[in-house]
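Below: the structure, in structure tokens.
Please treat every number below as a calculation from the coordinates, not as lab data. Just so we're clear, the structure is a prediction, and the values are computed from it rather than from any experiment.
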Amino acid sequence: MVIFGEPCPECPPILIIGGIHGDETTSVVVANHLIDDLTQNPAEAAGHIVAILPNANPDGRIAGTRTNAHGVDLNRNFPSQNWSPKHSVLAKPGKTAGSEPETQAVLQAIQMVAPSRIISIHSFVGRCLDNYDGPARDLAETMSRFNHYPVAATIGYPTPGSLGSWAGVDRQVPTITLELPYNLPGEDAWKQNRAALLAAIGADGP
């Protein structure tokens with residue numbers, strides 16, 4: 001995790017995560033571009049703490065799989081109230097909620113940063129979306145003004161054990177799942193979303 005800015009009472013922290021699904025490699029590219037951008041232009045993060053965890057599922061990324069090395073979908077493994085042991089072909093939630101080391105690392109990052117808002121970058125076949133959980137509609141609409149993605153409170157199907165369920169719904173931390181177009185090259189996805197991510201960093205309030 002890379003952290004920009006210095007802690008202060010007036011600096012609302014934001015946590016940005018890429019690569020929870022290992023086959024959604026564009027999300028890692030975009031997160032790393034944001035790290036490079038803030039490194040070269042630190043004033044863009046002025047007055048804010050920006051923590052970026054660019055690759056939350058390194059084994060899955062190497063293998064090109066949605067899941068981690070244990071075959072668990074990390075975005076069904078968070079200890080949310082709606083976590084369920086039931087699974088489909090794509091969504092294996094793990095033996096218990098929060099069982100996976102990658103999930104535990106994200107939870108530790110959230111504890112460390114205490115973010116006022118979270119953006120989890122994904123990619124989605126056939127659709128782009130500023131999906132929000134918890135009190136994050138205003139933040140999603142802010143991002144949509146720049147990336148022109150639709151804003152929605154649901155991705156279209158249940159996501160028990162997701163980061164959005166745990167952080168956004170259960171803990172009321174404004175949480176965005178930024179769904180990039182799955183087949184869009186990383187460079188193009190970054191160009192589409194640079195302004196939206198910078199706007200999210202600079203957004204007023206939660």
Q. Which residue fluctuates the most in the chain, going by a Gaussian network model with Cα springs under 10 Å, if the choices are 26, 159, 103?
A. 159
Q: List the pair-distance distribution P(r) of the stretch 17-111, using every Cα-Cα distance, as the percent of pairs falling in each 10 Å bin from 0 up to the bin containing the longest distance, rounded to whole percents.
A: 17, 41, 28, 12, 2
(Q) For the chain, what does the helix formula give at 222 nm: sum of -39500 (n - 2.57) over DSSP H segments with n ≥ 4, over the residue count, nearest 500 deg cm²/dmol? (A) -9500 deg cm²/dmol
Q) Residue by residue, what Karplus-based ³J(HN,Hα) values in Hz, rounded to whole numbers, does the stretch 166-178 have, using 6.51, -1.76 and 1.60 with θ = phi - 60° and x for Gly and Pro? A) 6, 7, x, 7, 6, 9, 6, 8, x, 10, 10, 9, 7
Q: Report the residue, chosen from 172, 111, 192, that carries the largest GNM mean-square fluctuation when the chain is represented by alpha-carbon nodes joined by springs under 10 Å.
A: 111
(Q) Report the rotationally averaged projected area of the chain based on its alpha-carbon convex hull, in square nanometres. (A) 10.1 nm²
Q: Compute the separation of the alpha-carbon centres of the stretch 131-205 and the stretch 6-71 and state it in Å as a whole number.
A: 14 Å
